[in-house]
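Derivation of every value follows stated rules applied to the coordinates shown; laboratory data play no part. Because the structure is predicted, anything quoted here is derived from the model rather than measured. All Cβ positions, even for glycine, are placed from backbone atoms using ideal geometry, and neighbour counts span all protein chains on display.
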Amino acid sequence: MIRRLKLAYSLYNFFHRKPLEHNLEAYGKLGIKKTYFSPVSSADFVGKDGDFLRGAEEVPEAAATNLYAGLDKAAQDSIDEFEERGYCVLPGFLDTATADRINTEIDELKTAGELEFSYNEKLMFAIRKSEFLSELWNGEDLLTLLSTLIKGRARLFQSINFLHGSQQKTHSDSIHMTTFPLGGLLGVWLALEDIELDNGPLHYYPGSHKMPYYLNTEYGNEGDWLLTGEKTYGDYETMIADKVAGTSYEKKVFLAKKGDLFIWHANLLHGGEPHLNPDRTRKSMVLHYFDANRVCYHEITQRPALFM
């Protein structure tokens, strides 16, 4: 019950003004009376038109970016199809030496006790512990390309490192990391070793980003003024499975080589396949980027997103 108590979240947020104040300007423009520590959910934006927040007029075409120009044709074609398919693949985005350096960096942070497993074997926020990783994933050319895909101003929010497959059921990231207007999030997934069918590859449904955004209201998890919703995450997963079963979208599995990069839309349905071989690792790194022009928050817990 305490975990559902909005007041508890607000008290925590009260002492973290700096990483939370990014939403205040957008609240003002939208005419929403909220403080930086207030709970926020999709219900707060009903009837609001926030397209003017996106700043899309400042975003160039992906083909005009430096990173795009340096890619091979297959990667360029994949980027060109991002809006239609909801993802793109950049094979060999990082060379094996750089991928190995990331693995070494993660191992050293673990040994030093600066990274610990949480949330089902996830190593969270290595980008906050490593100057090398922060600089790598905040590179100007990468941020510029991501900004074209997000149609806004991409800002690195979160990193997650995995040693094994997540085995997470099919979901949209927008239930976890949400924006208003919707769609202001990108997922970026890097293979840190070769990934095959037996060590838990990523799965995804091309084109599924065009489905509706299924948020708290869609599975009866709105809560009230005092508490967040009472439904479990399993209830959400069941709803998504039912929704997918009623479509013609076909599941694909991404068999990756070390250094391959997979970028996906905020609403692309994806997850992790079973990790069938316990003797193998599945080292990978996930980054999430928000559009800094939009309201950024977490729909399930109704908490504003903390930018460190």
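Excluding residues on the same chain fewer than 8 positions from Lys110, give the aspartates and glutamates whose Cα lies under 13 Å from its Cα.
Here the aspartates and glutamates satisfying the reach criterion relative to Lys110 are Glu121.
Tell me, in nm to one decimal, what length is gained between Leu276 and Asp95 on full extension, where the rule is 0.36 nm per residue of separation less the Cα-Cα distance? Before the final figure, lay out the partial values.
Details: separation 181, 0.36 × 181 = 65.16 nm, distance 2.71 nm.
Fully extending the segment from Leu276 to Asp95 adds 62.4 nm.
In the neighborhood of Lys73, defined by Cβ-to-Cβ distances under 15 Å, what is the net charge if each Lys or Arg adds +1 and each Asp or Glu adds -1?
Working: positive: none; negative: Asp72, Asp77, Asp80, Glu81.
The answer is -4.
Compute the FRET efficiency between Thr247 and Thr111 as 1/(1 + (r/R0)^6), taking r as their Cβ-Cβ distance and R0 = 30 Å, and round to the nearest 0.05. Don't skip to the answer; put the middle values down first.
Working: r = 45 Å, r/R0 = 1.51.
Taking R0 as 30 Å, the efficiency between Thr247 and Thr111 is 0.10.
So how do 64-73, 268-277 stack up, highest first, on mean other-Cβ count within 10 Å? Spell out each step's value before the answer.
Details: 64-73: 13.9, 268-277: 18.9.
Peptide ranking by packing, descending: 268-277, 64-73.
For the chain, what is the mean residue ellipticity at 222 nm derived from helices alone (per DSSP H run of n ≥ 4: -39500 (n - 2.57); sum divided by total residues; nearest 500 deg cm²/dmol)? Kindly include the intermediate steps, with their values, before the conclusion.
Values: 10 runs with 83 residues, N = 308.
The helix contribution divided over the chain gives -7500 deg cm²/dmol.
Arranged from highest to lowest average of other beta-carbon atoms within 10 Å per residue, in what order do the peptides 235-243, 24-32 appear? Spell out each step's value before the answer.
Working: 235-243: 16.6, 24-32: 14.4.
Averaged packing, sorted descending, gives the order 235-243, 24-32.
Just tell me which aspartates and glutamates come within less than 14 Å, Cα to Cα, of Lys129; anything on the same chain fewer than 8 places away is out.
Qualifying aspartates and glutamates at Cα under 14 Å: Glu105, Asp107, Glu108, Glu114, Glu116.
Which lysines have a Cα lying under 17 Å from the Cα of Lys18, excluding residues fewer than 8 positions away in the same chain?
Leaving aside lysines fewer than 8 places away in the same chain, those within reach of Lys18 are Lys34.
Using the Cα gyration tensor of region 115-193, with a ≥ b ≥ c the square roots of its eigenvalues, what is the shape: rounded (a/c below 1.5), prolate (a/b larger than b/c) or oblate (neither)? List each step's numbers first, then the result.
Details: a/c = 1.95, a/b = 1.19, b/c = 1.64.
Cα axes put region 115-193 in the oblate bin.
Place +1 on the Cβ of every Lys and Arg and -1 on the Cβ of every Asp and Glu in the chain, take the dipole about the Cα centre, and give the residue among Ala126, Ile150, Phe52 whose Cα lies farthest towards its positive end.
Checked the options; the winner is Phe52.
Considering the chain as a Gaussian network with a 10 Å cut-off on Cα pairs, which listed residue, Arg280, Arg155, Arg54, attains the greatest mean-square fluctuation?
With Cα springs under 10 Å in the chain, the top fluctuation among Arg280, Arg155, Arg54 is at Arg280.
Within region 139-179, list the residues whose amide N lies under 14 Å from a label point set 7 Å along Cα→Cβ of Asn66.
It comes to 139-146, nothing else.
Expressed in nm to one decimal, what extension gain is obtained for the pair Lys48 and Leu255 from 0.36 nm per residue of sequence separation less their Cα-Cα distance?
Using 0.36 nm per residue and subtracting the Cα-Cα distance, I get 70.4 nm.
Is there a pair in Lys169/Lys251; Lys169/Lys283; Lys210/Lys252; Lys151/Lys252; Lys210/Lys251; Lys122/Lys252 whose C-alpha atoms are over 21 Å apart, and which pairs would that be? Please list the in-between numbers first.
Numbers: Lys169/Lys251 12 Å; Lys169/Lys283 19 Å; Lys210/Lys252 16 Å; Lys151/Lys252 26 Å; Lys210/Lys251 15 Å; Lys122/Lys252 24 Å.
From Lys169/Lys251; Lys169/Lys283; Lys210/Lys252; Lys151/Lys252; Lys210/Lys251; Lys122/Lys252, over 21 Å: Lys151/Lys252; Lys122/Lys252.
For a protection proxy built on the mean count of beta-carbon atoms within 10 angstrom, sort 133-145, 80-92 highest first, please. Display every interim value, and only then the final one.
Working: 133-145: 16.7, 80-92: 18.3.
Put in order of decreasing packing, that is 80-92, 133-145.
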